[in-house]
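*Asks:* Mind looking over this structure? Questions follow.
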Amino acid sequence: MMRPFAIILLCLVTWSLIAQQEEKKSPWEVHGYVKQLQTVFKIDGFSTYLLDNLVHNRINIRYEPSEHFLVAVDFRNRIFYGDLVKLNPSYADQVEAGNNDFFDLSTHLINKQDWVVNSTIDRAYMQYTKGSFEARLGRQRINWGISTVWNPNDLFNAFSFTDFDYEERPGSDALRLKYYLGFVSSIEVAASAGKSWDDRVVAALYKWNLSQYDFQILTGFANQNWVLGGGWAGNLKTAGFKGEWSYFIPTLESEKNSFAITASVDYSFTNGFYLSGGYLYNSNGRTKGTLSDLFSFQLSAQNLYPFRHAVISSIAYPITPLLNSSLALIYSPVSSHPLFISPNLTLSIAQSWDLDLVGQLVFNKDKGNYTSPVTAGFLRLKVSF
């Protein structure tokens with residue numbers, strides 16, 4: 001197990017490599033960031049607000065000895081402290097559960113009642129490229145999704161849109177082979193590691209372009225389901241139009257076939273104003289209930305949102321060249337009328353310095369009145385290097 005001094009040693013090595021890059025061209029490349037995230041929660045059952053903190057350091061290391069070979073290793077070092085850590089005895093276990101795929105590349109450097117320090121390798125792969133062929137082995141992001149919010153095609157590493165602080169998104173311990181058939185067409189085959197066939201994801205993806213539209217189709221096996229899916233991205237006149245779908249056939253006779261499809265339209269105005277709208281149908285979603293478990297439901301490519309139907313609308317506008325604003329709303333047409341609202345402000349303080357203010361509000365209708373079981377506000381300062 002790693003010790004606290006390992007973080008210090010890692011930082012020294014990182015800054016040494018950065019210095020080498022500045023002096024001369026090197027096969028090494030190092031970059032990353034440090035973030036401080038302050039969170040304020042208001043949760044039903046608690047008479048006061050809860051405060052939580054996260055210090056997050058990421059270090060991305062690339063070694064490219066030749067044009068054909070690349071080695072990548074990315075670290076996440078995080079310090080969790082605050083009320084949620086104190087109130088949840090299983091907090092450290094929950095952090096660990098979200099860090100690993102097949103191999104255990106995560107460790108708690110410190111695990112106390114009121115604070116946790118975790119170090120994780122969330123990217124570690126070797127890549128070989130030769131002409132139109134590319135092979136990558138190790139923990140990597142296999143990004144087959146097209147849509148912005150929901151991705152039924154993301155069989156390997158589905159992600160939650162509420163986790164805005166994890167820009168890199170989860171990875172999979174897998175082998176991926178890709179061959180470019182042309183400028184906009186390719187075929188991929190990928191397989192994740194697993195103790196048994198049921199634990200693995202094995203799939204193939206084909207991409208092509210037709211009439212100024214990008215299309216893709218995939219098939220394979222994932223989460224004990226045979227899968228067939230596809231997606232598209234193009235334009236309706238001057239508006240963007242994209243979406244994706246997947247059909248799941250379970251190997252267990254007790255389970256039912258399921259289907260997920262999403263589509264969205266977006267448009268950018270000349271003054272910088274951005275508007276988008278989208279829809280998700282998720283046959284595994286509920287047709288009643290509340291949105292209280294939005295942050296904790298079992299997420300997968302075949303279950304991307306707690307409810308069967310969901311409609312999203314979002315807007316964004318640059319108030320000044322350094323200050324950007326956005327607002328997203330998600331609504332599901334069930335008896336509780338669940339509504340998720342997320343306002344955002346991003347300020348560029350200086351070069352490589354950003355300040356974000358993010359809100360996440362959950363509302364449900366009960367006896368004619370809207371109540372909010374969860375309200376969260378986030379203030380994040382980020383410096384990149």
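*Asks:* Is it the case that D101 is modelled with pLDDT under 95, out of contact with any helix residue (DSSP H, G or I) (no Cβ under 9 Å at 6 or more places or on another chain) and not hydroxyl-bearing (S, T, Y)?
*Replies:* For D101, the condition - modelled with pLDDT under 95, out of contact with any helix residue (DSSP H, G or I) (no Cβ under 9 Å at 6 or more places or on another chain) and not hydroxyl-bearing (S, T, Y) - is met.
*Asks:* Separate question: Within the stretch 236-254, restricting attention to residues that are touching a residue at least 24 places away in the same chain (Cβ under 8 Å) and closer than 20 Å to R286 by Cα, which residue is surrounded by the fewest Cβ atoms within 10 Å (Cβ to Cβ)?
*Replies:* I249
*Asks:* In the stretch 59-79, is there at least one residue being of a type in the set (S, T, Y) and either within 16 Å of the chain's Cα centre (by Cα) or assigned to a helix (DSSP H, G or I) (or both)?
*Replies:* No, the stretch 59-79 contains no residue that is of a type in the set (S, T, Y) and either within 16 Å of the chain's Cα centre (by Cα) or assigned to a helix (DSSP H, G or I) (or both).
*Asks:* Right, something else. From S276, S313, S326, grab the single residue that is closer than 17 Å to N151 by Cβ, at pLDDT 95 or above and either of a type in the set (K, R) or assigned to a strand (DSSP E or B) (or both).
*Replies:* S276
*Asks:* OK, next. Can you tell me which residues in the stretch 355-375 are at pLDDT 95 or above and crowded, with 18+ Cβ neighbours inside 10 Å?
*Replies:* Once the filter is applied, which keeps residues that are at pLDDT 95 or above and crowded, with 18+ Cβ neighbours inside 10 Å, the stretch 355-375 yields D356, V358, Q360.
*Asks:* Return yes or no: is K112 surrounded by fewer than 14 Cβ atoms within 10 Å (Cβ to Cβ), modelled with pLDDT under 85 and basic (K, R)?
*Replies:* No: the conditions fail for K112.
*Asks:* Can I ask one more? Quick test for you: out of A222, A233, pick the one residue that is small (G, A, S) and touching a Gly at 6+ places or on another chain (Cβ under 9 Å).
*Replies:* Going through A222, A233 in turn, the sole match is A233.
*Asks:* For N88, all conditions in the list (1) modelled with pLDDT under 80; (2) on the phi < 0 side of the Ramachandran plot hold save one; what is the number of the exception?
*Replies:* (1)
*Asks:* Now, a different point. If I go through the stretch 325-352 residue by residue, how many of them are more than 21 Å from S292 (Cβ to Cβ) and surrounded by fewer than 14 Cβ atoms within 10 Å (Cβ to Cβ)?
*Replies:* Total satisfying the criteria: 4.
*Asks:* Is it the case that some residue within the stretch 275-285 is over 30 Å from I43 (Cβ atoms) and among the hydrophobic types (A, V, I, L, M, F, W, C)?
*Replies:* Among the residues of the stretch 275-285, at least one is over 30 Å from I43 (Cβ atoms) and among the hydrophobic types (A, V, I, L, M, F, W, C), which makes the answer yes.
*Asks:* Can you name the strands (runs of 3 or more DSSP E) wholly within the stretch 92-187 that have at least 3 residues being within 27 Å of F221 (Cβ to Cβ)?
*Replies:* Here the list reads 115-130, 133-140, 172-180.
*Asks:* Follow-up. So which of F259, F297 ends up being part of a loop (DSSP other than H, G, I, E, B) and either buried (at least 18 other Cβ atoms within 10 Å of the Cβ) or not charged (D, E, K, R) (or both)?
*Replies:* Only one candidate passes the filter, namely F297.
*Asks:* Starting from residues that are crowded, with 17+ Cβ neighbours inside 10 Å and hydroxyl-bearing (S, T, Y), keep the ones in the stretch 77-109 and report whichever is nearest to A158 (Cα to Cα).
*Replies:* Residue satisfying both the conditions and the ranking: S106.
*Asks:* Please count how many residues of the stretch 262-288 are surrounded by fewer than 17 Cβ atoms within 10 Å (Cβ to Cβ), small (G, A, S) and within 21 Å of the chain's Cα centre (by Cα).
*Replies:* Residues that pass the stated criteria total 1.
*Asks:* From L37, L51, which residue is modelled with pLDDT of 90 or more, surrounded by 17 or more Cβ atoms within 10 Å (Cβ to Cβ) and either hydrophobic (A, V, I, L, M, F, W, C) or assigned to a strand (DSSP E or B) (or both)?
*Replies:* Exactly one of L37, L51 is modelled with pLDDT of 90 or more, surrounded by 17 or more Cβ atoms within 10 Å (Cβ to Cβ) and either hydrophobic (A, V, I, L, M, F, W, C) or assigned to a strand (DSSP E or B) (or both), namely L37.
*Asks:* So for the stretch 248-260 (the condition being touching a Gly at 6+ places or on another chain (Cβ under 8 Å) and modelled with pLDDT of 95 or more), does at least one residue qualify?
*Replies:* No, the stretch 248-260 contains no residue that is touching a Gly at 6+ places or on another chain (Cβ under 8 Å) and modelled with pLDDT of 95 or more.
The values are calculated or read from the model by the stated rules, or taken from the named source; none is laboratory data. Model, not experiment: these values are computed from the prediction. Note that we place each Cβ from the backbone using ideal geometry, even for glycine, and neighbour counts take in every protein chain shown.
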